[in-house]
1. Taking 25 Å as R0, compute the FRET efficiency from the Cβ-Cβ separation of LYS175 and GLU81 and round it to 0.05.
2. Looking only at TYR74, TYR182, TYR96, which one moves most when the chain is put into a Gaussian network model with springs between Cα atoms under 10 Å?
3. Sort ASP157, ASP77 by Cβ crowding within 10 Å, fewest neighbours at the top.
4. If I take every Cα pair under 8 Å that is 6 or more residues apart in the chain, average their sequence separation and divide by the length, what percent do I get for the relative contact order?
5. Just check the stretch 118-209 against the gyration tensor rule for me: Cα atoms, a ≥ b ≥ c as the square roots of the eigenvalues, rounded for a/c under 1.5, and otherwise prolate or oblate depending on whether a/b exceeds b/c.
6. State the dimensionless ratio Rg/Rh of the stretch 123-175 (Rg: radius of gyration of Cα atoms; Rh: Kirkwood radius).
7. Is the shape of the stretch 66-105 rounded, prolate or oblate, going by the alpha carbon gyration tensor and its root eigenvalues a ≥ b ≥ c, with a/c under 1.5 for rounded and a/b larger than b/c for prolate?
8. Scale the Cα Rg of the stretch 167-209 by the rule-of-thumb value 2.2 N^0.38 Å and send over the ratio, two decimals.
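Read the figures in this text as sums done on the coordinates, not as results from a lab. Since the structure is predicted, the reported quantities are computational estimates derived from the model, not experimental observations. Every residue, glycine among them, receives a Cβ derived from its backbone with ideal geometry; neighbour counts consider all protein chains shown.
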Amino acid sequence: MNQQLTLYYCPHSRATGVLTLLEELHAPYELHVLNMKKGETRASEYLAINPMGKVPAIRHGDAVVTEQVAIYLYLADLFPEAKLAPALGDPLRGPYLRWMAFYGSCFEPAIVDQWMKNKPADKTACHYGDFDTMFSTLVEQLSKGPYLLGEQFSALDVLWGTAFGWMLMFGIIPKLPIIEQYVERFNSRPATVAAHEKENALAAEQAAA
């Protein structure tokens with residue numbers, strides 16, 4: 001891959017997971033570090049990259065990709081040698097796509113509604129149905145193996161492991177043993193350790209600036 005790959009990143013944000021994924025993929029990348037507290041994600045230079053003013057975003061050559069699930073899918077397919085995405089034709093490709101989509105379309109909206117005490121729509125109209133069904137469906141999938149696809153670690157687990165770790169820390173999701181153990185497995189991976197070390201160093205630099 002000759003095209004430059006850049007991650008637009010803020011410490012302790014959703015971009016943490018993408019940084020971890022890049023470490024898992026052993027991908028060559030450049031970090032464009034933004035300071036959210038100084039409003040750099042709302043500056044015109046960054047809004048030209050992502051008008052939503054959110055991180056993460058990536059630039060790969062002339063392609064700009066925003067929305068974290070899209071970024072995970074893009075990067076895992078871009079580096080197939082890392083085997084973090086089942087290939088087309090693999091029986092696990094469908095479940096892989098399902099659980100990627102489930103994160104953004106069901107899990108996070110349901111979590112936000114509960115956290116903010118928003119009254120959800122009737123479950124026949126609500127896009128995630130109801131919280132209890134959504135959450136029990138997810139826990140059932142986690143019970144099938146050490147990772148979301150069973151024995152196979154994938155980019156899915158970077159997305160979910162990062163999110164679960166953050167949500168457990170702030171008490172946003174129940175501290176079920178199955179989730180805590182999943183996060184422990186994820187946090188023990190060398191790529192996760194390396195990403196956290198980079199993140200902590202960058203966060204310290206911003207705090208001192």
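1. Here the calculated transfer efficiency is 0.10.
2. So, out of TYR74, TYR182, TYR96, the one fluctuating most is TYR74.
3. ASP77, ASP157
4. Worked out over the chain, it gives 23 percent.
5. oblate
6. Rg divided by Rh gives 1.01.
7. Oblate, because a/c is 1.5 or more while a/b does not exceed b/c.
8. Relative to the 2.2 N^0.38 Å estimate, the stretch 167-209 comes out at 1.46.
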